[in-house]
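Read the structure below first, then the notes.
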Ligand code: HAM
């Protein structure tokens, strides 16, 4: 007996309605905002993530599924979508298209994390990326799309947090202030944060350990160190969000766990916030495309985990329409009737009507029970008498009402 690998789940037929619902809402909102779908490989050259996602991130340090293929190439199962989209943008000359290029994707994502509710080793993301636009209006548009998406799903209780972490010009001064502050509190930090202090001081603000959080609460804030341009950008973003009526909270401890972010970062949390419950996380990454070999190109986007969205839909009691079942179940009694049943099912399917036939002979009662279990609304019953008379019995499964009809009339009646 094998089980699915730790941190992975099977998406069973009973859950498919939720997955299709989320995917359709995501595709619809992207269409409304003019974002186009892109599908990318499940693995990429490992270097893309080392450079793109960033060497000091937890993802690159300890979470990647990396392997050598038989041609001795180092490949990595996608631990996030953003570097792949940027790679495709460069590879396919999208910088020559009218900018911004606005893309969305659905992708399985692989991270060797400690599994718990809402955190998996394989999860699935809906993500968007807008490339080639520096104006804060696109930051607001990306956040607006995320907001509309959650609203269209029927999720009600969620909050938006935003922050600006500055740019390569103003960040060194801020980092220096942070390092000076933390130097006086080293003994209160967890072991991981002591390492982070050396590697990437910004990440200390993000630690979920209570001791570290208490120190972070008093730390210098990036928004107090922004250069003029970054400050203007942040003010504009807040104005644009106001224009479209999206409420937000500035959370000065929000830094996000990826190296490429600059200026805007944001997260959308369900109301009862837990560290592993962020529904949507994103931000601006103006240096990323240059890091992987392109010309300096601004970009912003977000990622959203399907699994967390579906957990929240269920928590809020949102019922989604089931995946439609076939319209008709064809029950038969006797060998001649079976031949007619197989032919009839085939002609109905050719007429675009879903039809199920029992594959091994059963009693009529057992066949109708099967139709009920499958949620099929109508049954056609064929016995030896019906074969002789060239008719069939059409039964409504909910009311048990039956009528005798000609097979040729069935497509019209079932539609
Ligand atoms: P991220 O914050 O690492 O960002 O992930 C985005 C979202 O994916 C999270 O908010 C969460 O819903 C979901 N997620 C992440 N890890 C897991 C997990 N282990 N199990 C279940 N769900 C998870 C990114 O990946 C960036 N690429 C987002 C982005 C796009 N930034 C700019 N553009």
Residue 198 fails exactly one of (1) closer than 25 Å to residue 135 by Cα; (2) not in a loop (DSSP other than H, G, I, E, B), namely (1)
Given the conditions (1) surrounded by fewer than 20 Cβ atoms within 10 Å (Cβ to Cβ); (2) in the same structural domain as residue 24 (by TED's automatic domain parsing); (3) touching a helix residue (DSSP H, G or I) at 6+ places or on another chain (Cβ under 8 Å), every one holds for residue 322 apart from (2)
Practice problem: Check the range 321-339 and report whether any residue there is more than 30 Å from residue 386 (Cα to Cα) and within 12 Å of the ligand (Cβ to nearest atom). | Solution: no
Checked the range 13-36 for anything part of a loop (DSSP other than H, G, I, E, B) and more than 16 Å from the ligand (Cβ to nearest atom); matches are 34
Output yes when any residue across the range 117-124 is within 13 Å of the ligand (Cβ to nearest atom), without any contact (Cβ under 8 Å) to a residue 40 or more places away in the chain and not in a strand (DSSP E or B), and no when none is. no
- Go through the residues of the range 150-159 one by one and say whether even a single one is in the same structural domain as residue 27 (by TED's automatic domain parsing) and near the ligand (Cβ under 8 Å from one of its atoms). no
When (1) more than 28 Å from residue 48 (Cβ to Cβ); (2) outside the structural domain of residue 310 (by TED's automatic domain parsing); (3) within 16 Å of the ligand (Cβ to nearest atom) are applied to residue 194, the one that fails is (3)
When (1) more than 6 Å from the ligand (Cβ to nearest atom); (2) more than 18 Å from residue 148 (Cβ to Cβ); (3) touching a residue at least 60 places away in the same chain (Cβ under 8 Å) are applied to residue 290, the one that fails is (3)
inquiry  = Any residue at all in the range 88-99 that's surrounded by fewer than 21 Cβ atoms within 10 Å (Cβ to Cβ) and within 13 Å of the ligand (Cβ to nearest atom)?
reply    = no
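What residue, of 10, 72, 39, is over 26 Å from residue 310 (Cβ atoms), at pLDDT 95 or above and not in a helix (DSSP H, G or I)?
Residue meeting the stated conditions: 72.
So which residues in the range 125-143 are within 17 Å of the chain's Cα centre (by Cα) and either near the ligand (Cβ under 7 Å from one of its atoms) or assigned to a loop (DSSP other than H, G, I, E, B) (or both)? Don't jump to the end; show me each part of the working.
If we filter the range 125-143 for residues that are within 17 Å of the chain's Cα centre (by Cα), which is where we start, we get 125-130, 142-143.
Within the range 125-143, 125, 127, 129 qualify.
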### Task
Within the range 295-314, identify whether any single residue is free of Cβ contacts under 8 Å to residues at least 60 places away in the same chain, within 16 Å of the ligand (Cβ to nearest atom) and in the same structural domain as residue 104 (by TED's automatic domain parsing), and answer yes or no.
no
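The values are calculated or read from the model by the stated rules, or taken from the named source; none is laboratory data. Every value quoted in this text rests on a predicted model; they were computed, and no experiment measured them. Methodologically, a virtual Cβ is constructed for each residue, glycine included, from the backbone with ideal geometry; neighbour enumeration extends over all protein chains shown.
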